[in-house]
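Reviewing the structure listed below.
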Amino acid sequence: MTRKFAFLDGRKERQFKMAKLAVNVDHVATIRQARGGVEPDPAAAAVMVELAGADGVVVHLREDRRHIQDRDARLVRQLVKTRMILEMAATDEMLAIAAEIKPQQATLVPERRQEVTTEGGLNVAAHENSVKKAVARLHEAGIEASLFLDPEPGAMRLARKVGADIVEIHTGAFCDAADKAAQARELKKISEAVRIAREEGLVVHAGHGIGYKTILDFAGMDGIAEFSIGHSIISRAVFSGLDRAVREMLELARMV
Ligand code: PXP
């Protein structure tokens with residue numbers, strides 16, 4: 001998003017691109033689940049990240065319930081005043097839960113039980129009909145539909161075809177790239193995917209693996225409306241507190 005600000009002394013107005021930040025609080029639940037108790041509470045974290053200025057709160061309700069529980073998702077929906085984003089697999093169980101909880105946005109992700117985190121984007125080409133039906137069910141419930149996709153031109157076009165409102169471009173390959181050349185290749189793919197998604201009339205989000213340094217690598221890229229970030233923020237919060245960790249990332253997101 002680009003916002004215009006006029007200088008008070010009459011200098012020409014400047015444009016700032018100010019990406020939004022949605023904070024994923026799954027890892028707060030991961031710490032709670034390590035002891036099977038009640039703290040730290042991801043619902044409390046959701047309130048704190050909003051107070052720090054985040055534009056949205058993300059929770060991923062996984063089939064195996066390894067971190068976020070159903071109770072967390074329901075509570076987060078009640079507490080969050082900005083936007084709740086529910087990450088979920090496109091299964092009947094999750095679609096029914098989404099229709100009941102009614103987050104403002106649902107992001108469809110692929111899910112494998114053994115994976116440590118979401119490993120790749122959704123393969124829309126292989127599941128075009130089921131993704132299209134899932135998007136329609138989300139729309140019936142009044143929920144905006146986002147698809148988590150690898151940065152490939154074909155995937156952006158298919159997202160439009162199945163009726164998605166938003167694409168979240170998977171930034172993991174860029175953030176984990178081993179050297180500068182690989183980074184440059186991955187960044188180019190992302191930039192091209194953003195361009196095509198925008199041409200298709202989709203809103204573009206980006207996420208996975210983004211840290212306090214890598215977020216600024218997206219600064220030259222026009223069209224990313226929102227970042228979805230979890231691990232780096234919760235990791236920093238362990239040392240400097242959640243409020244500060246969110247504010248520091250927000251400051252960087254606003255430069256993109
Ligand atoms: N977006 C999606 C679709 C994800 O699955 C995740 C990981 O839960 C994220 C963003 C956030 O990734 P990270 O925790 O690496 O910032």
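Structural remarks
- Binned Cα-Cα distances of region 116-256, short to long, each 10 Å bin given as a whole percent: 12, 39, 33, 15, 1
- Less than 5 angstrom separates the built amide H of Asn24 from those of Val58, Ile229, Gly230, all sequence-distant by 5 or more or on a different chain.
- Of Glu87, Glu200, the order by accessible heavy-atom surface (1.4 Å probe, DNA, RNA and ligands excluded), from most exposed downward, is Glu200, Glu87.
- For Lys161, a cut-off of 19 angstrom between C-alpha atoms picks up these aspartates and glutamates, skipping any fewer than 8 places away in its own chain: Glu128, Glu140, Glu144, Asp150, Glu152, Glu192, Glu199, Glu200.
- Amide H within-cut-off set for Gly121, under 5 Å, with H built and near neighbours excluded: Asp150
- The chain, helix-only ellipticity at 222 nm - DSSP H runs n ≥ 4, -39,500 (n - 2.57), divided by all residues, nearest 500: -12500 deg cm²/dmol
- Under 17 Å from Lys180, Cα to Cα: aspartates and glutamates that are on another chain or at least 8 residues apart: Asp217
- Neighbourhood net charge (13 Å Cβ-Cβ; Lys/Arg +1, Asp/Glu -1) for Asp179: 0
- Shape call, region 28-95: gyration tensor on alpha carbons, a/c limit 1.5: oblate
- Area projected by the alpha carbon convex hull of region 109-177, averaged over all directions, nm²: 5.1 nm²
- For region 135-167, trypsin sites (Lys or Arg not before Pro) meeting the loop criterion (DSSP other than H, G, I, E, B) and having at most 15 other Cβ atoms within 10 Å: none.
- At least 27 Å along the helix axis (C-alpha) and Kyte average at least 0.5, DSSP helices within the chain: none
- Shape category assigned to the chain from the gyration tensor of Cα positions, a/c cut at 1.5: rounded
The values are calculated or read from the model by the stated rules, or taken from the named source; none is laboratory data. Model, not experiment: these values are computed from the prediction. Virtual Cβ from ideal backbone geometry, glycine too; neighbours counted across all protein chains shown. Please note that ligands, DNA and RNA were not included when accessible areas were found on the heavy atoms of the full protein model with its side chains. Shrake-Rupley method; radii C 1.70, N 1.55, O 1.52, S 1.80 Å.
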